[in-house]
Every structure is written in C-alpha cells, then in structure tokens.
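The values are calculated or read from the model by the stated rules, or taken from the named source; none is laboratory data. Just so we're clear, the structure is a prediction, and the values are computed from it rather than from any experiment. Cβ atoms come from the backbone with ideal geometry, glycine included; neighbour counts cover every protein chain shown. Heads up: the accessible areas ignore ligands, DNA and RNA and are worked out on the full protein's heavy atoms, side chains in. Shrake-Rupley method; radii C 1.70, N 1.55, O 1.52, S 1.80 Å.
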Amino acid sequence: MLILMVIFFLLNIPFLLANFMDPRCFWKINLNEIKDEVLGMTCSFILETVQKTMDKDYFNQTLNVLNTTTNHKYALALAFTVDEINRNPDLLPNMSLIIKYNLGHCDGKTVTTLSDLFNPNNHLHFPNYLCNEGIMCLVLLTGPHWRASLYLWISVYVYLSPHFLQLSYGPFYSIFSDNEQYPYLYQMGPKDSSLALAMVSFIIYFKWNWVGLFISDDDQGNQFLSELKKESQTKDICFAFVNMVSVSDVSYYHKTEMYYNQIVMSSTKVIIIYGETNSIIELSFRMWSSPVKQRIWVTTKQFDCPTSKRDLTHGTFYGTLTFLHHYGEISGFKNFVQTRYNLRSTDLYLVTPEWKYFNYEASASNCKILRNYLSNISLEWLMEQKFDMSFSDYSHNIYNAVYAIAHALHEKNLQEVENQAINNAKGENTHCLKLNSFLRKTHFTNSLGNRVIMKQREVVHGDYNIVHMWNFSQRLGIKVKIGQFSPHFPQGQQLHLYVDMTELATGSRKMPSSVCSADCHPGFRRIWKEEMAVCCFVCNPCPENEISNETNMDQCANCPEYQYANTEKNKCIQKGVIVLSYEDPLGMALALIAFCFSAFTVVVFWVFVKHHDTPIVKANNRILSYLLIVSLMFCFLCSFFFIGYPNRATCILQQITFGIFFTVAISTVLAKTITVVLAFKVTDPGRQLRIFLVSGTPNYIIPICSLLQCILCAIWLAVSPPFVDIDEHSEHGHIIIVCNKGSITAFYCVLGYLACLAFGSFTIAFLAKNLPDTFNEAKFLTFSMLVFCAVWVTFLPVYHSTKGKVMVAVEIFSILASSAGMLGCIFAPKVYIILMRPDRNSIHKIREKSYF
C-alpha cells in the first residue's frame, strides 16, 4: 500500500509542479479593433534550408511582424523558433532555416496567394519550379484553418510533388490522418481525444445539465458531437439545442436572427462552441445585444468578443471559458522581440502583441490589481512590470513543427556524412522522400520538457487548461487560468480548479444555474412526461407514508412498519406507542370515575346491609337487591381491564367479565320485575301462579340467563378469542396497542343477548309501572332499563365512528354510564329515604299512605 502511495505521489509531481510554476494570469492591450474581414484568414509559410548563417536583420527584411493583426503572432512565433534553431550550434551546424515565402495574411502588410507564387511574371514566383534537378525539398507550414491546409496541399501537390512536405499547425483534423492519402502531411495539433470528457467533467462540477451546442458541420464536428453525446449519456446531461453550422453555408448570415432567437428563448445558460464556427459566432456576437451575451460560452479557441463594463455589474457570472491544450510558457520570447527588432523596453509594441504574463512572484497581486482597477490601468504602469510574452496554442504547434523539421534534417545530414553520400545536386527528387522517412521517425524533447513524437501525433491524450477571458474593446484584455484537466489521472481526480483564480475570474459572483428542471428536493420524486429529455421533469410530492431523502429521486420509499413519514416526507420517524394508560388524561379520568362509582356502590351495599330490617329494603326481595348491587360493582370494576397496557389475559377478561356481570345485573333486574308483577297480578290465593311467587321461582332466572351467556363466551373463546393487536393507521405517527375482539360475530352475539334481556326487562317493567308504588319499584326499574337501552343504542354508531384508544374509551364510558344509570335509578331513591327520610321507612307510615 505504501509503495502504491509513493508511486502515485511521484506520478503527480509534474502536475503539482505545474500548478505552482505555470502562470495563471495573462493580459494584453487591444489598440486596434479587429476587423471582420481578417477573421478566419489563413497564414501559411514555406521554409527552406540554406548553407549559410543569416544576419541579424534577416527577419526585419523577411517579415513585417510589427503589426497588431490577427495572424501576426504566428509569424512572430515562427521567427522566434527559426532564430532559436539557427543560433543552436548543436542543431543543423553550418546550415540555416529561412522563411522563403508567407501565404495569406501573416505579417500585416502583404497578402500572398498561390497564384503569385506560380506566376513567372511575379517576383515572388518559384524559380525553375518545373525543373526537378534544381529544386530542394520545401517545407510548407500551413494553418490555422484546415480548409486552407487542404487547398494548399491540393495546389502544391500538382506543382511540386514530390518536392515538399507539409506540416499543419492548426487543430487536428481526422481527414488528414490517412497516411496513404496524405503521405507528406503532418498535423502538429494534438487530437481532442479527451476534450468531450473534459467538458463533461467541467459541466458536472458546476452541476449543469442543460447546454446548447454550436458545432461545425464537418467530420471533426460530427466526431466531437458523437463523443460528447457518449460522455453525456451516463451523466444525465441534455442538449437544449444542437446547431450544426456549415462554415461554407452562404445562408448562415440569414440564420443569425434564428440563432439569436433560439438562444434568447432557451433556458440554458451554457453554450458550447466547437470547430471553425468560432469566427462566425464571433462576427454574430458583434451584432447581438446584451441579453444573448449573458451566457457562459464554452469554447476551444480564444473567443475574441468585446466585454463592456456593464456586463460585469451582474450578480451572476457570465463570460467565455475556453479549453486550451496545456503547454508550458517558453521563456525569452519578449527578449527576442525586443532585441531582434531593436525595441526599447518602453516601446508600445511590447505590450500589444499576444498575451503577456507577469513573473510568478508578482502574478497573484498584479492580477488582482488588473481585475479590480482595469478601467484605470495605465500603459506606463504595465510597462514598468516584469512580464514575458506568451505563446498561443498554434504558436506552440509552430514551435514543435519547426523543431521537428530541424531534427529530421539534422538526422538525415548525419547519416549522409556517415555514409559519405555527399549531395552533388543529382537525384534531388528523392530528397523529400528521404526527409519524410526521417521526419516520420523523429522524436525529441522540446525546451519545455514535452515529448514530441511525430508518428504518434494523433493518439496523444493532451491536458487542457481552462481559462476565462475578458476582452475590453480598445483597452485591456485579461485571461485567467482557472483550472486544468488531465486525462492521465484517476477518474474523479482529472479536473482540478484553482479556487483563488476562479474567485478572481468570476469576481466572487455566483455561477448561473443551467438546468432544464430545478432539482427535486427530498420529499419529492421526479416524474417524466412524454417527449421530455431525461434532464427535464416535474417534481411531485411523495405519496402518503413514503419518503425521499435525497435530491432527484425517481421513486419514493415506503417507511418501515413501525415508522411514519414526517410532514416534509424526507425521513421516517419512529412511531410513538399509544395506549389508554393511567398516565393518559383520558384514561386517568375514566379510572377515577370507575373508582368513584365502585366506591359509591360499596356505600350503597353497606347502607342496605345495615338497614336490612327496614321495610324499604324488604319490600322487593333484599337478596336480589344485594345481588344486583354486587354485580353492578363488578361492572364498574371490569372497566379497569380496559385501561393500561393490554396483554392476552386482560384482553380476554375485558369481554368475558363485561358480558357475564352485565348479564347477572340485567337478569337480576328481570327477576325483580317479574317478582313485582307476580306480587300484584296474582291476587287470587287459589291460582297456580301464586305457587311460583311463594316458591321463589323468579330467582332461577338469574342462573339460567347467566349460564346461557357463559356458554356464548365459552364458544367465543374457543373459536376466536380476543388478543393484543397493533393499530398503525388510526392516528398518524402513532402505534396504538389495543385489544382485538377476535370474533366480531361473537362480540355482537354477547351484546345482542344483553340487549334482549334488557329489552325484556324494560317491557315487563313498563307494563308494571302503574302498580301502587308504595310497595314496589316498577317505575325505577323501568327508568333504569330505559337508561341502559339508551346508552347501548347510542354506543353502536359512536363505537364504529371512532378508532384507537377513543374506541376503547367509548366502550368504557358505555359500561360506566349504563351501570351508573341502573345504580342511580334503582337504588339512589332508596338510599335517600333510608338516610334522609327515615320517617317514611316505617310500617306505620306505609299503612297510612296505603289507607289514604
């Protein structure tokens, strides 16, 4: 493990050193407006070797590079490279590279065409270009546009084949990678094999997923689009629009308004530009107004668009982010320009061509000054700073191309010397073929430490610098390197952004959000409609008792059995256990009521026992009164089985004690009612019914009725007895522990049997209500049964409309109310007379009342 860590650290050393050593802040002065007609102009060169040393005024005589045009930087880079090679005694000794011709708009002064070169009446024409013996091998350095390179290849091949080699310093194009079709053409630009991955990684870093595309309609653009789609599919990145722009399409300018409206109407804030559409979009940019410019433009070339100070006042960052191939900075460029062109350190030209960068130790502070005070920076202040001039991407390609030619020529010359094959100008038609074979095998390490392998130019996976540029018309331009992408690092570590430089570039403004649909936060799920891209969706709340605890979840998850979803539906909460306990206010109140009624029943029983010899106690069978009082007391006490944490025993006792004790109480009332009826209706001593009254036959009603209820309860317990159950749904967020009655049918059979007894007692008592009330209690029995029936008739709808512990409370309340009704209606008047009106509880008083 330690060895792997050491190896990984060693592999990271170049990258880490690059982070510290590479300049990250660049600047330039725009003194001349870039003219539309020079955008996209080609700049190519023809190189040759001569066996002499060039004088120091050679470049002044050959190129007029001291002009601030679009392509002058390539001429300047070529001059620097040629001069560096010619001054190297170890490379091409006794020979010099020269710039024989320049084609296109290179030096800001002359525009040379192929017709000029091959016109014998022109002083620039090739001498003896039809005579093979007199022609040396010419090197064409073409670029930066592939169409110009292809045009040059076709034209020169007709006239000079096989006396030339062509090296393209522009971007890599796959159409030129066929060695059989283009055997003498080399591409110095690295292939964008990891550009799509770099852009996708950058987009993901800022959490964008909705981008627009402007891509050149050619093989290169189609290949890039294919790679970008492949990388985007697995990362859920969608394209708001894809415009394949044909550079040669004459109708493009008529489509400008269409592109403008498309960008304005689109919700995307990030637009990728790839291929040779840059110059066309750049022209359009000058016609478009500020709203369309308020985007982040991701490009692969330095996008030369003016930026106004108003564009920096927004709270959101807008601008151009460019992916450029990573190259180190070549030192001495400024010194070459200054010495070779006899410039003083205060000459304005030194701060105008291309990008400049400060020395590293002053880079950060000077960048902040440029960023914060860019409208007040003076040229004098810039001239006083220590800076060097930077190479562009294509300038680096020129640098490597010229060195590759020099190394190939050098190796060819060494072999000729070793073989003593002295060139006598005969057989020169094989000169380019031999040089081509050496060039194809050329590999070297340039001054920056980078390996250049000509045979493998198309398979090199290069690193990318990510830069942001401000361009102020006729003023200061700033370019800040905000990060780097390296495909050689493990996945997830390939993109590295510099926080300090990013803050400097964006001015601490927030990056805009570029998404088709806003994120679905926890508690919501994504729903796609028909014909919607994968990035475009609507957010729907999770269903009941389902959650989503992450952003952009496709499905909500059900909460476990004993948990429930919170209000936001982003997490499950453990359900609280609820039971009708003694700590619960409702349970405490019911228990207190049951206890009070039970105590009152005991008092009543004590009063009746103490006054058992009084007429009012004897009047209606005191044994039945004692039995009724005791059964009512147990009815009150059975309600305690319904309160507290239930178990199997209490669940069974709840229903069994309730059914049996109420049966005893009601059957006792029935027996008392029948006794009253028999006592007053059987007046004839000879009638047989008198035997039943004297023998105490009504008293047998109680055990018979109670036995029938016991049989029903036994069947209930045998078939489906009550048990402890969990009610998860009655109350949100809580689990209620209740007693399940098991067989609902058995429960209603018990309840129905009680109803039949109560209705029978009520009917008989009602028929006896008009009997003399001095010796009977028919009216009290009638009212007690009326209260009992009213309570339990009301119980049924209320019981079925409630859930959880409230349902249990309703059942307890019904037990207490019906028992209290019976106790109050039957015994309360008697207790009142016994305790408060003892004068009425005597034989004498009763006789007086009966007499009158």
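When all protein chains stay in place, what accessible area (Å², nearest 10, 1.4 Å probe) is found for Tyr327?
For Tyr327, solvent-accessible area is about 30 Å².
Excluding Ser513 itself, what net charge comes from residues whose Cβ is under 10 Å from its Cβ, given Lys and Arg +1 and Asp and Glu -1?
After counting each charged neighbour, the total is +2.
Within the stretch 189-214, which residues have the backbone N less than 17 Å from the label spot 7 Å out from Met244 along Cα→beta-carbon, could you tell me?
Output list for this probe position: 213-214.
Expressed in nm to one decimal, what extension gain is obtained for the pair Ala649 and Glu544 from 0.36 nm per residue of sequence separation less their Cα-Cα distance?
This chain segment gains 34.2 nm when fully extended.
Between Tyr151 and Asp725, what is the label-point separation in nm under the 7 Å Cα-to-beta-carbon projection?
9.0
Would you mind calculating the gained length between Met258 and Leu767 on full extension (0.36 nm times residue separation, minus the Cα-Cα distance), in nm to one decimal?
So the extension gain works out to 173.3 nm.
Of Lys207/Lys229; Lys207/Lys575; Lys73/Lys255, which pairs sit farther than 28 Å apart, going by alpha carbon to alpha carbon?
Flagged as over cut-off: Lys207/Lys575; Lys73/Lys255.
Between Lys618 and Ile715, how high is the FRET efficiency from 1/(1 + (r/R0)^6) when r is the Cβ-Cβ distance and R₀ = 45 Å? Nearest 0.05.
The computed FRET efficiency comes out at 0.65.
On the Cα set of the stretch 483-638, report Rg and Dmax in Å, please.
That works out to 36.6, 113 Å for Rg and Dmax.
In whole percent, and with a 1.4 Å probe on the protein chains, what portion of the accessible area of the stretch 474-600 is carbon and sulfur?
Its accessible area is 54 percent carbon and sulfur atoms.
Which percent of the accessible heavy-atom area of the stretch 789-835 goes to carbon and sulfur, probe 1.4 angstrom?
Accessible surface attributable to carbon and sulfur in the stretch 789-835 totals 78 percent.
Probe 1.4 Å, all protein chains in place: accessible area of Thr802 in Å², nearest 10?
About 30 Å², rounded to the nearest 10.
Too long at a 22 Å Cα-Cα cut-off: which of Lys235/Lys571; Lys28/Lys100; Lys412/Lys441?
As for pairs spanning more than 22 Å Cα to Cα, those are Lys235/Lys571; Lys28/Lys100.
How do the peptides 531-541, 479-489 rank, highest first, by the average count of neighbouring beta carbon atoms within 10 Å per residue?
Highest-to-lowest ranking by the protection proxy: 479-489, 531-541.
Per residue, how many Å² of accessible area does the stretch 487-580 show with a 1.4 Å probe?
Each residue of the stretch 487-580 exposes 58 Å² on average to a 1.4 Å probe.
So how much accessible area does Arg648 have, in Å² to the nearest 10, using a 1.4 Å probe?
Spelled out: Arg648, probe radius 1.4 Å, area about 140 Å².
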